[in-house]
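In what follows, a single structure is set out as structure tokens and then discussed.
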Amino acid sequence: MNMKSSSTVFKEKNHLGKVESCINMGRPVHFMLSSLFIATIFSIFLLYSPKPLIVISKNGLDPILQQKETSSPMQGHDSVQKQLDQDKPHKSNFQKKEKCDLSKGHWIREPRGSHFYTNSSCATIPNSKNCFKQGRMDKDFLNWRWKPDQCELPRFDAKSFLQIVQGKTVAFIGDSVARNHMESLLCLLSQEEIPEDIYKDSEDRFRTWYFPRSDFTLKVNVTGHHVEFAVQMSFRATFNYINDCKNCSGLVTLLRTFAPAHFEHGAWNTGGYCNRTGPFNETHEIDIASSEWKVRNAQIEEVERARKVGKNQGKRFGVLDVTRAMLMRPDGHPGEHYGEKWQGGAKDCVHWCMPGPIDTWSEIFMAVLRDQAGLSS
């Protein structure tokens, strides 16, 4: 994030009940929430554009998406509309997905599963998530694809995504797992267009990448790490803030649900580890009484509450629900293969290897983005 010219960040006054952070994203001024409470359990996506999204129907946020003032209203429109016309036969197929719950499904074996990029084709994979570089030998965890029960989830299409976000800015705001998602998306997009690294602060908490051909800016704001909080009231305060915003007409807020850790036989600091090499099978039941599932349900409940309030105010809310899918992927974490060892030989069973199951988040993100743009109606 270009802190000198494009944004002014106000710090939170406390870490529990009040959300007082915002970002000034330039002219016209749109104040938007810059962070929630810092934890590994969520990210919030804020999408804004004064112009309707023109989305091609090929497929599929910790982000804020905003149309740049310098973009021409018709920039890229002809080529995108042409693609839309070409893809019309596929629209009826996607109509079936309108009522499809992307969160309910299972992992199916597929050789192409998570093979979108490699640690040689993406130069921006952090060492801590570059599991093969750090000595991980098994590769079968890449050979799985998320299959919703009621429909097909289209594979990620970097070219289509860049056409959707042309002339816009997406900012991932949250903790280190939000950053992990941004890093995955960056690798996916870099297979289509090489971005320029244009800003990094001294602590590497703010980072900005620019895709010149697409006039697309990707930012990350890592606001902290792993703080416990009263989940439901925190989200309620956040969504109330958004709904009360008078300068946020047309805002779309997408919440990414809890992404679980998979420590076995202990916690991160008591010898816990994650050395599985494949997903849980379909007989592995989701424990609806678990704290992880309760957090996810609280998130969903608050999004629905905010949606009902916001629909009369020009605000839209949606969910990128990854909890069930990721509960089934204990094999996707770095474990001991993350380079910089934690104290006492702790394993990383919180973040996700790249490439790996986390790349599915961007496939779901693109499907949700298409739905918000009305392509699946």
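Observations on the structure shown:
- Cβ crowding within 10 Å ranks Arg213, Arg324, Arg329 as Arg213, Arg324, Arg329, fewest other Cβ atoms first.
- Residues Thr124 and Asp149, FRET efficiency given R0 of 51 Å [Cβ-Cβ distance, rounded to 0.05]: 0.90
- The gain in end-to-end length when the Asn312 to Ser176 segment is fully stretched comes to 45.5 nm, 0.36 nm per residue minus the alpha carbon separation.
- Sorted on the mean count of surrounding Cβ atoms within 10 Å across their residues, most packed first, peptides 365-371, 265-271, 235-241 read 365-371, 235-241, 265-271.
- Among 161-170, 301-310, 197-206, the peptide with the highest mean count of other Cβ atoms within 10 Å heads the list, and the full ranking is 161-170, 301-310, 197-206.
- Legend: ranking of residues Cys187, Cys151 from fewest to most surrounding C-beta atoms inside 10 Å; resulting order Cys151, Cys187.
- Positive contributions from Lys and Arg (+1) and negative ones from Asp and Glu (-1), summed over other residues with Cβ under 13 Å from the Cβ of Thr323, come out at +2.
- Ranked by the mean number of other Cβ atoms within 10 Å of their residues, highest first, the peptides 124-131, 330-337 fall in the order 330-337, 124-131.
- Net +/- balance of residues flanking Thr124 in space, Cβ distance below 11 Å, scoring K and R +1, D and E -1: 0
- With a simple spin-label model that places each label point 7 Å from the Cα along the Cα-to-Cβ direction, the separation between Lys133 and Asn269 comes to 2.9 nm.
- Placing pseudo-labels 7 Å out from each Cα toward the beta carbon at Ser290 and Arg236 gives an inter-label distance of 2.6 nm.
Readers should treat all values here as calculations from the given coordinates under stated rules, not as data from a laboratory. Computed from a prediction, not measured in an experiment: that's the story for all the values here. Counting neighbours? That spans all protein chains shown, and the Cβs are built from the backbone with ideal geometry, glycine included.
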